[in-house]
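Novice: I am attaching a structure below and will ask some questions about it afterwards.
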Amino acid sequence: MKRSLLLVIIVLSSRSLFAAADLNIKNTLSVTTVKAGSILPVFYELRNTGPDKAVNNIVTFTVSGATADKDCTAGCPVIDIFAGGTTSFQEQLTVPSVAGTITMTASFSGAVSDPNLADNTQTTTVTVSTDPDVYISANLPRQLELGQPFELSIHLGNTANSPAHDVAAAIDFRPDAIVDTLPDGCVSPIPGKIFCHVDTLAAGAPIEPFWVAKLEAPATFGNGLLAVSALVSESEQDFDQGSNCSIATVQLADTFYVTDSGNEGSGSLRQAILDANAACTGGTPCTIAFRLTEPRHAGPWDTIAITSPLPAVTALKLKIDGGTQTSFIGDTNVDGPEVEISGGGTVDGDGLLISGCDVQVMNLVVNGFRRNGVSVSRLSCGLFATTELHDLFIGTDPTGSQARPNGQRGIGISLGGGTSFFNDVQLVDIHDCVISGNTLSGIFDLAGRVNIWGNRIGVKAHSDDPLPNGASGIFIGPDGYGSAIGPDILRPNLAGNVIAFNGEMGVAVAPNIFNVSILSNKIWGNRLLGIDVGLDGPTPATRTLSGTTLLVPTLTLAHYDPVSKKTIIEGDASAGGALSLYANDAIDPSGYGQGQRPVGGSPLIPFSTITHYHVEVDGDLTGQFITATCTRVDYEGFAKPAGKGTVTEGIDQGFLTQTSEFSRAIEVR
């Protein structure tokens, strides 16, 4: 028994005295040729296959034919590695600009005995090439309309340190795509092919500018795709031929042309809507395009005279784009769109009624209908489906300077609404429109989440002269949860709206509608409050979704400091909110001001606890009237911090914001 115990002690002692770690090193470099003048990263995998921990390890690295970024010729330390463990060692080599070879040797050793030294050292040799390295890239728009012009751009360059000579590019595409114009150095001898040539492509440089060819998309749908393949070669051997070819593919939209300005019949807008409704079921994108010809009704634009209500648009994945007329005849109306859709003040219906999913309407004038200019009314379209309305003139003439009112609202919205971040997913984006001169509200959102930015509401298209809507500029109704007017925390770089001179409020929010953010807009001159949350006149507080209270800010100080040349503004706001400051030329009759010009504020930060704000604004605002809003961040899902309520697993999450009414105005002294 004692003898056995002695043997165990001897074995354990021998293991501690003669510990062994089997180290090995492997260069993971996968290339045998490198480009002259380049930077070559080199990675080594270091492994200990056991049985004991490797300690006091070093890697010795030597190189000839290149320069290493760090000197490890005498050894660089490496962390301890347990048995079965792996780590890495990295060097970065500056490759010379002349042809030759690079030889690198790395050795891995440690303080622990190594029974197998054969795999502790590795030598690798690579060749330095001075061949040019030409690349080509073909670029297409995201979508093409049948028969419409588009641009094919070719990016060509040479990333090596040696020039390329006699560079030739061949571009192939469907022969029914028509070539209109080509850049210098390019020819199209037969349909479906373009050949381009440049004598010398300098080292490390692209062609400037890109080659841009102007083509017309095929007039027929065919297989629904336009594929472009581009291949380039030079007189020298190319360093990496994998970059000498490029393939780009774009979806052709099934396109329905409006060629006649009449109320109905072949080529009319009515017929195009009927055809799109029948054909566009979501499999491929569709477009209603415009190709109207003379005679025009009035002015440098084309007017489609509607005499009875148009059918609802039920098509899926449809774009209705008046800009296609511009690409066909040119920008003849420099003040606005080239296509006007007019009800003449007699049509008892909406100008356009959008009931399909994933529909865009753009670059049109819509006026003179006895109901809404554009209505969006549809059932659920699935997760975060969006209707997008942009670059429209609604309620004005095509210059944006005279009212041609729609009898009710400019835009009316009624979707399946929701009450939380997770069930209110039907979106309408409205941006870069002129929505003025309508009989009632500019935008009336009865139900559904809306994002509204960059619009001019209640003013002319090209000046701040009044062109008011008869009711509110924007109304957010009973199911407008989560709407954003101007930028918000998720999209801070969007442009604010101009909302002025409207017959009621600038922005009206119905009672108990949470998480409506109203940020960075220019709101002034509206007959009633600039912002009215709850439709009950000036109120000092608003209840939030979490049950807390969002207070209207109280401004306590506003004066100009001639030393710093800044206007100093201080105020108090709700905990967790952010202060947005606005300057006004005149005080609102209510005393609560509006928000004519955003002048600064505090950052919109989730989980903030600040309540008192000191803001310094560049310049002298003496005599201006300052107002403020408070915006609080509401966090949802995984964004909710610990201790802030239930975190719902496996669903989307993010931040929404809620904005108060304007504060009482204070004059800068």
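The values are calculated or read from the model by the stated rules, or taken from the named source; none is laboratory data. Treat the numbers as computed from the prediction; the structure is a model and nothing was measured. Using ideal geometry, Cβ is built from the backbone for each residue, glycine included, and neighbour counts are taken over all protein chains shown.
Novice: Would you mind stating whether L352 is in contact (Cβ under 8 Å) with a residue 40 or more places away in the chain, under 24 Å from the mean Cα position of the chain (by Cα) and surrounded by 20 or more Cβ atoms within 10 Å (Cβ to Cβ)?
Specialist: No, not satisfied.
Novice: Please work out if A578 is over 21 Å from G623 (Cβ atoms), surrounded by 15 or more Cβ atoms within 10 Å (Cβ to Cβ) and of a type outside the set (K, R).
Specialist: Yes: the conditions hold for A578.
Novice: Specify which of the listed residues (S574, S590, S580) is polar (S, T, N, Q) and over 19 Å from W524 (Cα atoms).
Specialist: Details: S590 fails: over 19 Å from W524 (Cα atoms); S580 fails: over 19 Å from W524 (Cα atoms).
Of the residues listed, the single one that is polar (S, T, N, Q) and over 19 Å from W524 (Cα atoms) is S574.
Novice: Is there a residue in the range 144-154 that is buried (at least 21 other Cβ atoms within 10 Å of the Cβ), out of contact with any helix residue (DSSP H, G or I) (no Cβ under 7 Å at 6 or more places or on another chain), small (G, A, S) and touching a residue at least 12 places away in the same chain (Cβ under 8 Å)?
Specialist: For the range 144-154, residues buried (at least 21 other Cβ atoms within 10 Å of the Cβ), out of contact with any helix residue (DSSP H, G or I) (no Cβ under 7 Å at 6 or more places or on another chain), small (G, A, S) and touching a residue at least 12 places away in the same chain (Cβ under 8 Å): absent.
Novice: Counting only residues that are of a type outside the set (A, V, I, L, M) and part of a loop (DSSP other than H, G, I, E, B), which one in the range 30-46 is surrounded by the fewest Cβ atoms within 10 Å (Cβ to Cβ)? Break it down into steps so the answer makes sense when it comes.
Specialist: Applying the first criterion (of a type outside the set (A, V, I, L, M)) to the range 30-46 yields 30, 32-33, 35, 37-38, 41, 43-45.
Narrowing further to those that are part of a loop (DSSP other than H, G, I, E, B): 30, 32, 37-38.
Values: S30: 5, T32: 9, G37: 18, S38: 18.
The extreme case among them is S30.
Novice: Going through R409, R370, R378 one at a time, which residue ends up being crowded, with 20+ Cβ neighbours inside 10 Å and modelled with pLDDT of 95 or more?
Specialist: R409
Novice: Report yes if some residue within the range 345-355 is assigned to a helix (DSSP H, G or I), under 27 Å from G224 (Cα atoms) and either at pLDDT 95 or above or among the hydroxyl-bearing types (S, T, Y) (or both); otherwise report no. Walk me through how you get there before you give the answer.
Specialist: Keep residues of the range 345-355 that are assigned to a helix (DSSP H, G or I), which gives none.
No: the range 345-355 contains no residue that is assigned to a helix (DSSP H, G or I), under 27 Å from G224 (Cα atoms) and either at pLDDT 95 or above or among the hydroxyl-bearing types (S, T, Y) (or both).
Novice: Next question, about the same structure. Under 9 Å between Cβ atoms, which residue pairs at least 6 apart in sequence (or on different chains) link something in the range 108-122 that is within 14 Å of G75 (Cα to Cα) and in contact (Cβ under 8 Å) with a residue 24 or more places away in the chain with a partner that is β-branched (V, I, T) and in a loop (DSSP other than H, G, I, E, B)?
Specialist: Every condition considered, the pairs that remain are G110/V55; A111/V55.
Novice: To continue, here is another question. T611 versus (1) at pLDDT below 90; (2) farther than 27 Å from D536 by Cα: which is the lone unmet condition?
Specialist: All conditions pass for T611, except number (2).
Novice: I've got another one for you. Collect the residues in the range 185-213 that are part of a strand (DSSP E or B) and surrounded by 14 or more Cβ atoms within 10 Å (Cβ to Cβ), keeping them in residue-number order.
Specialist: If the condition is that a residue be part of a strand (DSSP E or B) and surrounded by 14 or more Cβ atoms within 10 Å (Cβ to Cβ), then C186, K193, I194, F195, C196, V198, L201, P206, W211, V212, A213 are the ones that fit.
Novice: For D331, work out the one condition from (1) in a strand (DSSP E or B); (2) acidic (D, E); (3) surrounded by fewer than 20 Cβ atoms within 10 Å (Cβ to Cβ) it doesn't fulfil.
Specialist: (1)
Novice: Taking the range 602-634 as the region of interest, how many residues are at positive phi and more than 27 Å from the chain's Cα centre (by Cα)?
Specialist: 2
Novice: Kindly indicate whether A170 is in contact (Cβ under 8 Å) with a residue 12 or more places away in the chain and assigned to a strand (DSSP E or B).
Specialist: yes
Novice: Please give the number of the condition Q426 fails out of (1) crowded, with 24+ Cβ neighbours inside 10 Å; (2) at pLDDT below 95; (3) over 24 Å from the mean Cα position of the chain (by Cα).
Specialist: All conditions pass for Q426, except number (3).
Novice: Continuing with the same structure: Please state which one of T60, T49, T103 is part of a strand (DSSP E or B) and modelled with pLDDT under 95.
Specialist: Result of the check over T60, T49, T103: T49.
Novice: Contact list please: Cβ distance under 6 Å, first residue in the range 521-534 and within 10 Å of I474 (Cβ to Cβ), second residue surrounded by fewer than 24 Cβ atoms within 10 Å (Cβ to Cβ) and of a type outside the set (V, I, T), pairs at least six apart or on different chains.
Specialist: Every condition considered, the pairs that remain are N521/G496.
Novice: In addition: Answer yes or no as to whether H431 is in contact (Cβ under 8 Å) with a residue 24 or more places away in the chain, surrounded by fewer than 23 Cβ atoms within 10 Å (Cβ to Cβ), within 24 Å of the chain's Cα centre (by Cα) and closer than 26 Å to G345 by Cα.
Specialist: Taking the combined requirement at face value, the residue satisfies it.
Novice: From the list G448, G417, exactly one residue is surrounded by fewer than 22 Cβ atoms within 10 Å (Cβ to Cβ) and at pLDDT below 95. Which is it?
Specialist: Numbers: G448 fails: surrounded by fewer than 22 Cβ atoms within 10 Å (Cβ to Cβ).
Of G448, G417, the one residue that is surrounded by fewer than 22 Cβ atoms within 10 Å (Cβ to Cβ) and at pLDDT below 95 is G417.
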